[in-house]
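First comes the structure, then the notes that go with it.
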Amino acid sequence: MATTTLPAKKKGVASSSIGLKMLMAGTGVIFILYVLLHMYGNLKALAGQEAFDTYAHHLRTFGEPMLPYGGLLWIVRIVLILALVGHVYAALRLIARNNAARPVKYQVKKNLGSTLASRTMRWGGLALFAFVVFHLIQFTIVKPNLYGAADAAAIKDSPYVMISAAFAMWWVLLIYVLAMVALGMHLYHGVYSASQTMGLNNTATARARARAIGAVVAAVIVVGFLIPPVYIFIDSL
């Protein structure tokens, strides 16, 4: 009787772990698509204030009158919140299962074959979460006037003036650069892990290709996000 129930239990645990990894991969794809679109929007800043402010206004009026003012942004926010909840839930469950199943004596051996990106996924994820909170407070929720009372009215009326005033300060740029480094490492390993979860890393060639794709995706997003703030900072000197 014991020999018939034990395999079923193991299979159930394995199936549940695969489901959690699929949830991680699926929500990760949502985040990648979002950051690519967000990166594209940020690059509009290179075209000047009118182009960027027009783009920001269009995001709020997109779909009118079928959607209310700002309707598209709220749809995106709800999707991202649900994806974040699913991503964090799956990550915490997998971490708990791995810690319970893996003896401590094997940890050193495991790290010998891992990459820096894979070893920092947990801390990188926490750093990115903290940055997102800071980013939302700075540009979306609170919008504190960190740039001087003289700029308060212009910042309120123009998203371009707001980001220009922010990235003219070295410490804001530094936070942004560090966050993008964390994002790049997270994306690099995340793309590889997602392809492995989907069964695409069955051969050495496939694994090498997955790592190359992860590196390209990470590089494009990080460089694309850093171009506008670095340009604004240099232009402000």
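The values are calculated or read from the model by the stated rules, or taken from the named source; none is laboratory data. Since the structure is predicted, the reported quantities are computational estimates derived from the model, not experimental observations. FYI the Cβ positions are ideal-geometry reconstructions off the backbone, even for glycines, and counts take in every protein chain you see.
Of the numbered criteria (1) at pLDDT 90 or above; (2) closer than 30 Å to LEU126 by Cα; (3) loosely packed, with under 14 Cβ neighbours inside 10 Å, the one HIS58 fails is (2).
Condition test on PHE52, is it exposed (fewer than 15 other Cβ atoms within 10 Å of the Cβ) and either modelled with pLDDT of 85 or more or of a type in the set (Ser, Thr, Tyr) (or both)? Don't jump to the end; show me each part of the working.
Numbers: exposed (fewer than 15 other Cβ atoms within 10 Å of the Cβ): no; either modelled with pLDDT of 85 or more or of a type in the set (Ser, Thr, Tyr) (or both): yes.
Considered against the rule, which asks whether it is exposed (fewer than 15 other Cβ atoms within 10 Å of the Cβ) and either modelled with pLDDT of 85 or more or of a type in the set (Ser, Thr, Tyr) (or both), PHE52 comes out as no.
Within region 18-39, residues that are within 13 Å of VAL76 (Cβ to Cβ) have Cβ atoms under 6 Å from residues that are among the hydrophobic types (A, V, I, L, M, F, W, C) and part of a helix (DSSP H, G or I) in these pairs: ILE30/ALA83; VAL35/ILE221, counting only partners at least 6 apart in sequence or on another chain. Within region 10-19, the presence of a residue that is among the charged types (D, E, K, R), touching a Leu at 6+ places or on another chain (Cβ under 9 Å) and at pLDDT below 90 is excluded.
Evaluated against (1) surrounded by 14 or more Cβ atoms within 10 Å (Cβ to Cβ); (2) modelled with pLDDT of 90 or more; (3) not aromatic (Phe, Trp, Tyr), ARG77 falls short on exactly one condition, (1).
Pairs linking a residue in region 192-211 that is more than 23 Å from SER17 (Cα to Cα) to a residue that is of a type outside the set (D, E, K, R) and not in a loop (DSSP other than H, G, I, E, B), with Cβ atoms under 9 Å and 6 or more positions apart or on different chains, are ARG209/SER195.
If only residues of region 205-219 that are closer than 12 Å to LEU183 by Cα and out of contact with any Leu (no Cβ under 8 Å at 6 or more places or on another chain) are counted, the one that is surrounded by the fewest Cβ atoms within 10 Å (Cβ to Cβ) is ALA219. Taking region 139-237 as the region of interest, the helices (runs of 4 or more DSSP H) fully inside it that hold 1 or more residues being among the hydrophobic types (A, V, I, L, M, F, W, C) and at pLDDT 85 or above are 159-167, 170-197, 204-236.
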